[in-house]
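Comments concern the structure below.
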Amino acid sequence: MPNKDTVPVEVFILTPDYDIKGTVHVSKYTNSNRELTDLLNDTERRFLAVTDAEIMSKNPNVPPRKYNFL
């Protein structure tokens, strides 16, 4: 059941080894773009839940992988 206090935001996260496409859920009571930027730039945060994720390696020999939840 979806959380009524959050809104889904489609994201494309770039790392040195992978590109990750998916959805992050943020509070509907704040500016979702600002909150998402803060989450991604928080050096203390070690986990960010991503749903409907597709991980694409920057190595062309590795096929993309899909996950319901990261």
- Message: Could you check the range 23-58 and list, in sequence order, the residues that are touching a Phe, Trp or Tyr at 6+ places or on another chain (Cβ under 7 Å) and open to solvent by 100 Å² or more (accessible area, probe 1.4 Å)?
- Response: Lys58
- Message: The conditions are (1) open to solvent by less than 100 Å² (accessible area, probe 1.4 Å); (2) assigned to a helix (DSSP H, G or I), and Ile20 fails exactly one of them. Which is it?
- Response: (2)
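The values are calculated or read from the model by the stated rules, or taken from the named source; none is laboratory data. Values in this document were obtained by computation on a predicted structure and should not be read as measured data. Neighbour counts run over all protein chains shown; Cβ positions are idealised from the backbone, glycine included. Please note that ligands, DNA and RNA were not included when accessible areas were found on the heavy atoms of the full protein model with its side chains. Shrake-Rupley method; radii C 1.70, N 1.55, O 1.52, S 1.80 Å.
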